[in-house]
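> Dropping a structure here in C-alpha cells format, bear with me for questions.
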Amino acid sequence: MSKTPLARRSAEIRWRVIAFIVLPIFGAMVKLRIREGSTLPATGPFILSPNHYSEIDPIVMGVVTWKLRRTPRVLAKASLFRVPGLGWLMRFTGQIPVEREASSQLGQPLEAAKLLMERNQGVIVYPEGTLTKDPDLWPMQGKSGAVRMALEQNIPLYPAAHWGTQHWMGRYAKTIRFFPRTTIDAVVGEPFDLSAYRGKPLTKELLQEATTALMHEIAALTGSLRGETPPKTLHDGRGEGKTR
C-alpha cells in the first residue's frame with residue numbers, strides 16, 4: 001500500500017531529525033569526498049549497489065545517499081526487525097525487511113521491488129550479500145537480488161563504490177577510529193545498462209550474467225577511487241579473506 005501524504009511527511013521529518021543528529025557526529029570523524037558527477041534521480045524508485053567490505057558501510061553509503069538528496073534505506077535481514085530496540089529503530093527509519101530462508105529467496109526481491117515502486121523510494125542493496133572475502137578488499141562475485149529487482153519492475157540500478165572506510169572501521173573490526181578524521185571517497189556511477197537482459201525470461205543464467213557484469217562495474221568504480229586496476233576475475237566468495 002502506498003504511503004499517504006501525511007505518512008510521507010512524517011517520514012521526511014523523522015529523517016531530518018536523524019540527519020540533524022548523525023551528520024555532525026559523522027563529519028567530526030570522517031571527511032567524505034563524493035566524486036563530482038555522482039547523482040541519483042530526484043524522484044522515483046532506484047537501487048543503489050555499492051561494494052561492501054566494512055560493517056559500517058551502510059552508514060557511509062547512507063550519508064552519501066542523503067547528500068545526493070535522497071532518503072537512505074537498506075534491505076535488511078528480517079530477523080533484525082525482531083531484535084528489541086533495533087527493530088523499532090529500523091521500522092522508524094523505514095528499512096525494508098527481507099527473509100533469508102531458501103524458500104523465500106525468489107519472492108523477496110520482487111516484493112521489495114514492488115514496495116519501492118509503490119512508495120517511489122530508493123534502497124541500498126549490497127549484491128555481495130556480505131563483506132567481501134577478497135584479501136585486497138576488491139568486490140567479489142555477487143548474488144542476483146539487485147539485478148532481479150531492477151529487471152522485474154524496471155527500476156534504475158546504480159553501481160557505486162567507496163574507499164577509505166577500512167581506515168575508519170576495518171573488515172571484521174569491532175571498533176571505529178575516532179581521530180584523526182578518516183578520508184573516505186565515494187562515487188555513484190551512471191545507471192547500469194540492463195537493456196541486453198530486458199524482455200527475456202529471468203533465468204538463473206541470465207540473472208547471473210547480468211550480476212557478473214554489475215560486479216565488474218562496481219569493481220571498476222572501486223579501482224577508479226583506489227587508482228588501481230581491479231582483478232579480471234573476481235573472488236568467488238569461498239573461504240575467509242585475510243584482514244588487511
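The values are calculated or read from the model by the stated rules, or taken from the named source; none is laboratory data. A quick note: this is a predicted structure, and the numbers were derived from the prediction, not measured. Neighbour counts run over all protein chains shown; Cβ positions are idealised from the backbone, glycine included.
> Of (1) within 26 Å of residue 40 (Cβ to Cβ); (2) part of a loop (DSSP other than H, G, I, E, B), residue 177 satisfies all except one. Which?
(1)
> Condition (residue is in contact with a Pro (Cβ under 7 Å, 6 or more places away or on another chain) and modelled with pLDDT of 95 or more) applied to region 226-240: is it met by at least one residue? Steps first, please.
To start, the set of residues in region 226-240 that are in contact with a Pro (Cβ under 7 Å, 6 or more places away or on another chain) comprises 234.
Applying the additional criterion that residues be modelled with pLDDT of 95 or more yields 234.
Among the residues of region 226-240, at least one is in contact with a Pro (Cβ under 7 Å, 6 or more places away or on another chain) and modelled with pLDDT of 95 or more, which makes the answer yes.
> Still on this structure, I have one more. Can you give me the ranges of the helices (runs of 4 or more DSSP H) entirely in region 49-151 with at least 1 residues that are touching a strand residue (DSSP E or B) at 6+ places or on another chain (Cβ under 7 Å) and of a type in the set (Val, Ile, Thr)?
Per the criteria, 57-67.
> Further question: Can you tell me how many residues in region 169-222 are over 26 Å from residue 110 (Cα atoms) and among the polar types (S, T, N, Q)?
Summing the residues that are over 26 Å from residue 110 (Cα atoms) and among the polar types (S, T, N, Q) in region 169-222 gives 4.
> Would you mind finding the one in 226, 198 that is touching a helix residue (DSSP H, G or I) at 6+ places or on another chain (Cβ under 8 Å), touching a residue at least 12 places away in the same chain (Cβ under 8 Å) and of a type in the set (D, E, K, R)?
Numbers: 226 fails: touching a helix residue (DSSP H, G or I) at 6+ places or on another chain (Cβ under 8 Å).
Of 226, 198, the one residue that is touching a helix residue (DSSP H, G or I) at 6+ places or on another chain (Cβ under 8 Å), touching a residue at least 12 places away in the same chain (Cβ under 8 Å) and of a type in the set (D, E, K, R) is 198.
> Got a sec? Which of 191, 159, 201 is modelled with pLDDT of 95 or more, over 17 Å from the mean Cα position of the chain (by Cα) and not in a helix (DSSP H, G or I)?
The match here is 201.
> Additional query: I'd like to know if region 208-221 contains one or more residues that are more than 15 Å from residue 142 (Cα to Cα), among the aliphatic types (A, V, I, L, M), out of contact with any Asp or Glu (no Cβ under 9 Å at 6 or more places or on another chain) and assigned to a loop (DSSP other than H, G, I, E, B). Before you say what the answer is, go through the steps one by one.
Here is the first cut: in region 208-221, the ones more than 15 Å from residue 142 (Cα to Cα) are 221.
With the extra rule that they be among the aliphatic types (A, V, I, L, M), the set shrinks to 221.
Imposing the further condition that a residue be out of contact with any Asp or Glu (no Cβ under 9 Å at 6 or more places or on another chain) reduces the set to 221.
Still in the running and assigned to a loop (DSSP other than H, G, I, E, B): none.
Taking every residue of region 208-221 in turn, none turns out to be more than 15 Å from residue 142 (Cα to Cα), among the aliphatic types (A, V, I, L, M), out of contact with any Asp or Glu (no Cβ under 9 Å at 6 or more places or on another chain) and assigned to a loop (DSSP other than H, G, I, E, B).
> Moving on to the next point. Please enumerate the residues belonging to region 176-191 that are surrounded by 19 or more Cβ atoms within 10 Å (Cβ to Cβ) and among the hydroxyl-bearing types (Ser, Thr, Tyr).
Selection gives 182 alone.
> Name the single residue that is nearest to residue 63 (Cα to Cα) among those in region 154-182 being among the basic types (Lys, Arg) and in contact (Cβ under 8 Å) with a residue 40 or more places away in the chain.
181
> Hey, does region 81-98 have a residue that's within 18 Å of the chain's Cα centre (by Cα) and farther than 27 Å from residue 26 by Cα?
Yes - at least one qualifying residue is present in region 81-98.
> Out of the residues in region 205-239 that are closer than 16 Å to residue 50 by Cβ, under 18 Å from the mean Cα position of the chain (by Cα) and polar (S, T, N, Q), state the one that is surrounded by the fewest Cβ atoms within 10 Å (Cβ to Cβ).
Among those that are closer than 16 Å to residue 50 by Cβ, under 18 Å from the mean Cα position of the chain (by Cα) and polar (S, T, N, Q), it is 211.
> Report, ordered by the first and then the second residue, all pairs with beta carbons closer than 8 Å, sequence separation of six or more or different chains, a first member in region 20-37 that is in contact (Cβ under 8 Å) with a residue 24 or more places away in the chain, and a second member that is among the small types (Gly, Ala, Ser).
Close Cβ pairs satisfying both conditions: 32/186; 33/186; 34/186; 35/186.
> Under 9 Å between Cβ atoms, which residue pairs at least 6 apart in sequence (or on different chains) link something in region 53-71 that is free of Cβ contacts under 8 Å to residues at least 40 places away in the same chain and over 18 Å from residue 96 (Cα atoms) with a partner that is in a loop (DSSP other than H, G, I, E, B) and of a type outside the set (Lys, Arg)?
Listed by first residue and then by second, the contacts come to 69/40; 69/42.
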